[in-house]
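The values are calculated or read from the model by the stated rules, or taken from the named source; none is laboratory data. Everything numeric here is computed off the predicted structure, so don't read it as measured data. Here the Cβ is made from the backbone with ideal geometry for all residues, glycine too, and neighbour counts use every protein chain on show.
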Amino acid sequence: MTKKSEDQARARQIVAQIGQVYADILGGMRQPEQLSKWLSEETYLQVSHEHILKNRARARNNQANQREFFRVLKAEIFPSRKNAIEAVVLVKSAKSIQAISMRLDIVFTRWRVTHIELI
């Protein structure tokens with residue numbers, strides 16, 4: 001295995017883990033703080049806000065104790081410009097299959113998620 005393919009496999013693994021945690025945050029299984037080291041400040045605030053909205057929606061529908069468990073089906077990375085990665089992670093719950101889109105950029109010498117969303 002070449003160095004480049006090893007790096008891509010490692011990046012795909014990291015992206016899959018980030019996608020898993022993000023899905024768990026939206027599903028009510030985890031707190032946003034568990035992704036804080038990987039997110040830019042703006043992205044962290046966005047994820048925290050989404051987490052609050054999803055929890056409120058569950059409470060409004062009397063589903064506060066019903067949390068969704070997701071598992072990663074597939075993660076793919078797509079190099080874009082230098083020092084950036086775009087990725088898609090497919091996650092599956094008992095109810096659906098969803099995709100998570102994310103972008104990672106180097107911020108102060110560390111990889112950070114600068115965009116993440118459920119699509």
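Apart from one condition, GLU68 fits all of (1) over 27 Å from GLN8 (Cα atoms); (2) assigned to a helix (DSSP H, G or I); (3) in contact (Cβ under 8 Å) with a residue 24 or more places away in the chain; the exception is (2).
Can you find even one residue in region 5-17 that is in a loop (DSSP other than H, G, I, E, B), on the phi < 0 side of the Ramachandran plot and either modelled with pLDDT of 95 or more or not β-branched (Val, Ile, Thr) (or both)? No: region 5-17 contains no residue that is in a loop (DSSP other than H, G, I, E, B), on the phi < 0 side of the Ramachandran plot and either modelled with pLDDT of 95 or more or not β-branched (Val, Ile, Thr) (or both).
Within region 26-39, the residues that satisfy the criterion of being out of contact with any Lys or Arg (no Cβ under 8 Å at 6 or more places or on another chain), outside any loop (DSSP other than H, G, I, E, B) and either surrounded by 19 or more Cβ atoms within 10 Å (Cβ to Cβ) or charged (D, E, K, R) (or both) are PRO32, GLU33, LEU35.
Here ILE100 clears all of (1) assigned to a strand (DSSP E or B); (2) of a type in the set (Val, Ile, Thr); (3) over 30 Å from ALA9 (Cβ atoms) except the condition numbered (3). Annotation: ARG81 fulfils all but one of (1) in a strand (DSSP E or B); (2) exposed (fewer than 15 other Cβ atoms within 10 Å of the Cβ); (3) not small (Gly, Ala, Ser); the unmet one is (1). As an exercise: evaluate GLU42 against (1) surrounded by 14 or more Cβ atoms within 10 Å (Cβ to Cβ); (2) among the acidic types (Asp, Glu); (3) in a helix (DSSP H, G or I) and give the number of the one condition it does not meet. Unmet for GLU42, out of (1) surrounded by 14 or more Cβ atoms within 10 Å (Cβ to Cβ); (2) among the acidic types (Asp, Glu); (3) in a helix (DSSP H, G or I): (1). Tell me yes or no: at least one residue of region 84-97 is assigned to a loop (DSSP other than H, G, I, E, B), under 17 Å from the mean Cα position of the chain (by Cα) and not polar (S, T, N, Q). No, because not a single residue in region 84-97 is assigned to a loop (DSSP other than H, G, I, E, B), under 17 Å from the mean Cα position of the chain (by Cα) and not polar (S, T, N, Q). In the set (1) at pLDDT 95 or above; (2) not in a helix (DSSP H, G or I), VAL47 fails one condition alone, (2).
Take the conditions (1) hydrophobic (A, V, I, L, M, F, W, C); (2) more than 26 Å from ALA11 (Cα to Cα); (3) assigned to a strand (DSSP E or B); ALA75 misses just one of them, which is (2).
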